[in-house]
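The values are calculated or read from the model by the stated rules, or taken from the named source; none is laboratory data. Predicted model, so just to flag it, every value in this text is computed and none were measured. Cβ: placed from backbone, ideal geometry, glycine included. Neighbour counts: every protein chain shown.
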Amino acid sequence: MKSVVAEQLVKTYKSGNVRALDGLSLDVEEGTVLSVLGPNGAGKTTVVRILATLLAPDSGSATVGGIDVVRSPEKVREIIGLSGQYAALDEVLTGWDNLVMFGRLYHLSKKQAELRATELLERFSLTDSARRSIKTYSGGMRRRLDLAASLIVRPKVLFLDEPTTGLDPRGRQEMWGVIEELVTDGVTLLLTTQYLDEADQLADDIIVVDHGKVIARGTSDALKKQIGGEQLHVVVEQSNIAATMEIVAKVSQANVLLDEGLRRISAPVTTGSSALIDVLRLLDGVGIHPLDIALQRPSLDDVFMSLTGHAAEESVAAAEGKKMGKRSRK
Amino acid sequence: MKRPLTDALIITRRQLLLLRRVPEVLIFSTIQPVMFVLLFRYVFGGSITAGMPGGYVQFLMPGIFVQTVAFTLAGTASGVAEDMTKGLIDRYRSLPIARSALVFGKTLGDSTLNIVVLMTMGAAGYIVGWRPTSGLAKVLLAFLFLLAFGYSLSWIGIFIGLIAKDVRTVQNMSFLVTFPLTFLSNAFAPTTGMPRALQYFAEWNPVSTMVAATRELFGLKNSFGVTAGSFPSQHPLTMSFIYMIAIVMFFVPISVNKYKNVAKR
Ligand SMILES: Nc1ncnc2c1ncn2[C@@H]1O[C@H](COP(=O)(O)OP(=O)(O)OP(=O)(O)O)[C@@H](O)[C@H]1O
Ligand SMILES: [Mg+2]
């Protein structure tokens, strides 16, 4: 059964005239993990906010647990948990206060709320800081508490918007552990991420989103296959780039990408080492001697590269600036 | 499954918890009005006192009570604005609670703060010689009336907090609302000394009708200039009541509505 279904979602923000979602569809099988992978501005937060009933789509429809998010948002809210991109906590209150208050707002009795708060603080290793104001928490602690707050009533469907952005490697590992545990417990999870290894690690299914559209979907393995078995990389002198690209294209029969800074030409190949030999022979025929040539098993980075025409890591760096801008609004 | 009142009360508790976690808020919200009492009583009091029964302090205290209650509007507004900008609002909106619970809870919480503030000011007033002459029942009624006025104004605060883009703007907007209202009024001096046009404004000003009403409830007679005989001067209590109801009827629906839409912007 599908726990989450979105069909042809369109959302345009009036301010800025941005078409954040441009006919995006997705679905998540009950008890599985879908990762929405995309660079900054892809529309990840927008789709999460629509599914979590915080935002109404301009057109298209979506159901969560079989319930329509536009028509019955209140019912949806009773079965979902959301941990947004920025921790949504009461900064002045303590970790304990936050969990108890949200528990009460989830209609738990005082006793139940306190019991649940104790459990969750324990589980997320926050017991020691439970009585401190959130203001004194590190980014990782905030993130964990925010996730804890979204688990108070054991949601059937959980939305996590970039759960590990801004965490150090150890914090990420910890968060991954927590998420994997949740999934073992049977929650249906939709998580967004800019990190390919994160999607690879946590998700059963991945959709790659760019400019509000799904540009690829499948399991991590399927996506790797989709762009061919392996990547061929050739580095040449500046003056030989054009000719080399032509040759690589002829051998690969697929999209050829150029990293201008590295003067590196890359393309997926399906014939393995014989493709390498072909390219070398053709290059030799026109008198080009590559500085470097290699055959590489594809990573999800390559998937992303070939699908969006730009590297994921690059857009992460470029968008850090944008994010700071967003934050300064606070 | 919705329990708007319980949910609102949980938010109210949160407001009170905030006061416990950040006692400075409570201290500053009481110190400021107490300073006003002392300032007007001892610094200006000497020159404005002329011919007032019981001295200027009797005249002054109702004015300061109303002013203080009016100024808490700014606190409500910045509290709301802060919640709106910190992403916290998303959490509330994804909870299965009535959308009105948050704003209702906040107004109730701020009214509770007003109780503490008014009590402290009453005590400070008593120390510097304020003695209402109307009896306990009427004094209590006056305080209830002040709380009700504060409550209605807190809805204006909610609205400002929702429409302002950041906390700085909130402070400016709250100032723009409360400052002219409290100073172009009868709160600190009789309006009889004002230019004619201002007297009309001052007498119809809700702050003035509130001050006049509380003065009556504390057992003091009001004096009027050109507007003597006008409806607000004759029936300040009724007029204040009408204002409060009008404010609530106007600002509750638009604030609740604004709150529902706010995360969509
Ligand atoms: N409130 C808003 N008003 C105007 N434009 C917006 C608003 N929110 C998002 N956008 C725009 O919509 C597009 C999609 O934004 P969204 O936040 O969904 O992206 P994202 O994939 O979550 O990005 P990030 O990785 O930076 O969080 C972006 O171009 C963004 O600038
Ligand atoms: Mg985002």
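Laid out as a table, the results:
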| quantity | calculated |
| --- | --- |
| Enumerated helices (runs of 4 or more DSSP H) restricted to region A:68-187, each holding at least 1 residues that are within 29 Å of residue B:18 (Cβ to Cβ) and under 24 Å from the mean Cα position of the chain (by Cα) | A:73-77, A:139-149, A:169-184 |
| Tabulated pairs, region B:54-69, first modelled with pLDDT of 90 or more, second aromatic (Phe, Trp, Tyr) and assigned to a loop (DSSP other than H, G, I, E, B), C-beta under 9 angstrom, 6+ apart or interchain | B:61/B:130; B:61/B:218; B:62/B:218; B:63/B:188; B:64/B:188; B:67/B:188 |
| Selected residue (criterion: farthest from residue A:306 (Cα to Cα)) from residues of region A:244-291 that are crowded, with 17+ Cβ neighbours inside 10 Å and polar (S, T, N, Q) | A:244 |
| Any hit, region A:78-92, residues being on the phi < 0 side of the Ramachandran plot, of a type in the set (Val, Ile, Thr), in contact (Cβ under 8 Å) with a residue 60 or more places away in the chain and more than 8 Å from chain B (Cβ to nearest Cβ) | yes |
| Count of region A:12-24 residues which are surrounded by 15 or more Cβ atoms within 10 Å (Cβ to Cβ) and either within 12 Å of ligand 2 (Cβ to nearest atom) or among the charged types (D, E, K, R) (or both) | 3 |
| Condition check for residue A:152: in contact with a strand residue (DSSP E or B) (Cβ under 9 Å, 6 or more places away or on another chain), in contact (Cβ under 8 Å) with a residue 12 or more places away in the chain and surrounded by fewer than 23 Cβ atoms within 10 Å (Cβ to Cβ) | no |
| Residue match in region A:60-71 (condition: at pLDDT 90 or above and at the interface with chain B (Cβ under 9 Å from one of its Cβ atoms)) | no |
| Enumeration of residues in region A:54-65 that are away from ligand 2 (no atom under 16 Å from the Cβ) and touching a strand residue (DSSP E or B) at 6+ places or on another chain (Cβ under 8 Å) | A:57, A:58, A:59, A:60, A:61, A:62, A:63, A:64, A:65 |
| Positions within region A:25-51 being within 14 Å of ligand 2 (Cβ to nearest atom), more than 13 Å from residue A:189 (Cα to Cα) and more than 14 Å from chain B (Cβ to nearest Cβ), in sequence order | A:37, A:38, A:39, A:40, A:41, A:42, A:43, A:44, A:47 |
| Subset of region A:173-196 (residues that are touching a helix residue (DSSP H, G or I) at 6+ places or on another chain (Cβ under 8 Å) and more than 16 Å from ligand 1 (Cβ to nearest atom)) | A:174, A:175, A:176, A:178, A:179, A:180, A:183, A:189 |
| Test: residue A:25 is over 25 Å from residue B:96 (Cβ atoms), away from ligand 1 (no atom under 15 Å from the Cβ) and either in contact (Cβ under 8 Å) with a residue 24 or more places away in the chain or of a type in the set (Ser, Thr, Tyr) (or both) | yes |
| Any hit, region B:29-47, residues being touching a helix residue (DSSP H, G or I) at 6+ places or on another chain (Cβ under 6 Å), more than 20 Å from residue B:215 (Cα to Cα) and modelled with pLDDT of 85 or more | yes |
| Residues located in region A:95-136, provided they are more than 10 Å from chain B (Cβ to nearest Cβ) and on the phi > 0 side of the Ramachandran plot | A:125 |
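Matching residues to (1) within 14 Å of residue A:159 (Cα to Cα); (2) assigned to a loop (DSSP other than H, G, I, E, B); (3) outside the structural domain of residue A:187 (by TED's automatic domain parsing); (4) acidic (Asp, Glu):
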position	(1), (2), (3), (4)
A:9	no, no, no, no
A:15	no, yes, no, no
A:31	yes, yes, no, no
A:39	no, yes, no, no
A:47	yes, no, no, no
A:61	no, no, no, no
